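The values are calculated or read from the model by the stated rules, or taken from the named source; none is laboratory data. None of these values were measured; they are calculated from a predicted model. Glycine gets a Cβ as well: all are built from the backbone with ideal geometry, and neighbour counts include every protein chain shown.
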Amino acid sequence: LNSSYPNNYSQLSDAELLSLFSESKDLDVLGILYKRYMYLVYGVGMKYLKNRDDSQDAVMQLFELLANDIPRFEIRNFKSWLYGVSKNHCLMKLRKDKAEQNRQDNFSAEIFMESTANLHPIEEIENSTITEQLKACMEQLKEEQRRCVELFYYHQHCYKEIATVMMLDENKVKSFIQNGKRNLRICIESKTVLKNVQD
Amino acid sequence: MSRIEHTYNQIVRYLNGLLSNRERHDLEKEMMRDTFDEEAFEGLNQLSAGELEADIDVLMKRLDERIQPKKKRNLVTFYRMAAAIILLVGVGSILYVFFRTPSQNLITRETSHEKLAPPAETAIPAGPLSPVNKDAKTESEIKANGSPETKKKKTPGPAKTNVAVNAPGEPIEILSEKGVSIADQASAPAISRQMDTQPLVNEPAGKDVALNDDMIALNEMIVLDYKKKNEIPAVATGKEIESESKADADMNQALQGKVAGVEVTRSATRESGEFNSNKEAEMYNLIKPVPYGGSLKTFKQWVENRIDNKQFKAYPGKHRIQISLTVHTDGTITDIKVKNNVPPVIADEYRRVISQSPVWQPALKDNAPVEAEVMIRFIITND
């Protein structure tokens, strides 16, 4: 994705490129930064707009938007910021499109991105307390969610394998894992709060 | 950065089904790092690997165009201008080639027609003359050059001319002889070549007018070049002129009177208004080759009798066949070339027949045989 640009630019970090662009307004620099995440922006476009042409247009429109907005904001984490902007852009587009009104309602609630810094409890295995709580919470999950989460995290199976084993659709597997994770988080958080209160 | 590239490549492979189950799991897990990855991965899963790659390619290009529009546009403008120039030059050249050549042919034809039209003017152009032989020119020579002067008759007196002839009624035109003057002095083979005193007659006057271009062309044998030159004492500067005329002057040039030697003739004519038949006689010491059979007419008859025209049926219409050949000093003929404006079948057949020709009488210069390149023409009409 970076091959078309000189090495000295493509070696720079996101933050370095950001500040370089803020100073120089050089679209070449922004291009290098944007191309790193372009496939993700396109993927988000596909998720929301469900259309290749619209998604491609969204990628281009977002580039224009970045060129305007980056110098105006202080951006700490480019990737997070880009996600917010991309998703917003897609939702705005859906909102404008009346025929798509219903679809966008499903997504408007969860506009904020889960922080990369906060790992899901299930991934922090070394924390023994959490592991205990996790075990307890796992028991409370619905059977399908629990099995999917187990197969994915403890047995390191991919969606396809789980789908085969569980005789489920791959999309079902994904949603069981997602929901399972959410429920686990809620469960663990509530237990932690409870524990803190007891202490 | 390279990790981002790696992730993208893994996604393509994932969609292509090229990853092992373990690798699939790793990628799926990796794409759960944050919501951005997760949602993007979900979105990209709607695509095939081919679609994803094609779309990313398109996006890369669109982005590059957006980033460097000016450079791109400049380049496009440059190419457009270059293309326009090339086109102009090309069209110009084509127009030049196509419109120039015919007009010159026209001049040549008009000239030869004019040359024959007035009955009094029976002289045939004797081609280029050395500048030394100032007074040796006739009106018809000037005409051969296509010069405007042709219309003025400076030397009305003598109808006598000084042209080499094979046989009466069959003119031979010497267009290029590299600075050597032409002589009609009787020489060995030709009996009636005393050109000094014998006015050259192409055809009866009345017939001349009726002659069309083709007929004129048909009745002429044109000497394109004399290859071996003898020293001619009377012509002091002969050598200089020789060096001027180009040995490779092509057929068309020769036909159009454009060979260097002809130019010389013209300027010399202007200087000398007088006509002196004695001096003339000294100059014309060149005699054209005589085709097998004694005349061009009989030779052509001989050729046509042998031509197998069955194979020509595929090419209906009129064909002008222009043939050049070299007559060697021993009378043999070689280098038979047919101008490539006729179908190869016809060209080959004429070449075949002519190559079988018995010996000619070689061209003579000061009574000594010289090699000569001549051109003859045939016209055939297939219905």
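Residues that are within 7 Å of another protein chain (Cβ to nearest Cβ): find the helices (runs of 4 or more DSSP H) completely inside the range A:1-92 holding 1 or more of those.
Hits in the range A:1-92: A:7-10, A:27-49, A:52-69.
Name the residues in the range B:326-350 that are crowded, with 17+ Cβ neighbours inside 10 Å and in a loop (DSSP other than H, G, I, E, B), would you?
B:H328, B:G331, B:V342
If I go through the range B:27-52 residue by residue, how many of them are touching a helix residue (DSSP H, G or I) at 6+ places or on another chain (Cβ under 7 Å) and buried (at least 16 other Cβ atoms within 10 Å of the Cβ)?
17
For (1) in contact with an Asp or Glu (Cβ under 8 Å, 6 or more places away or on another chain); (2) more than 9 Å from chain B (Cβ to nearest Cβ); (3) modelled with pLDDT under 75, each residue gets a yes or a no:
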{"site": "A:A99", "(1), (2), (3)": "no, yes, yes"}
{"site": "A:N106", "(1), (2), (3)": "no, yes, yes"}
{"site": "A:E110", "(1), (2), (3)": "no, no, yes"}
{"site": "A:E132", "(1), (2), (3)": "no, yes, no"}
{"site": "A:M167", "(1), (2), (3)": "no, yes, no"}
{"site": "A:F176", "(1), (2), (3)": "yes, yes, no"}
{"site": "A:N183", "(1), (2), (3)": "no, yes, no"}
{"site": "A:K191", "(1), (2), (3)": "no, yes, no"}
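Go through B:R24, B:R13 for me and flag whichever is within 10 Å of chain A (Cβ to nearest Cβ) and either at pLDDT 90 or above or buried (at least 16 other Cβ atoms within 10 Å of the Cβ) (or both).
Details: B:R13 fails: within 10 Å of chain A (Cβ to nearest Cβ).
Every option except B:R24 fails the conditions.
Looking at B:F299, is it part of a strand (DSSP E or B), hydrophobic (A, V, I, L, M, F, W, C), in contact (Cβ under 8 Å) with a residue 40 or more places away in the chain and buried (at least 20 other Cβ atoms within 10 Å of the Cβ)?
no
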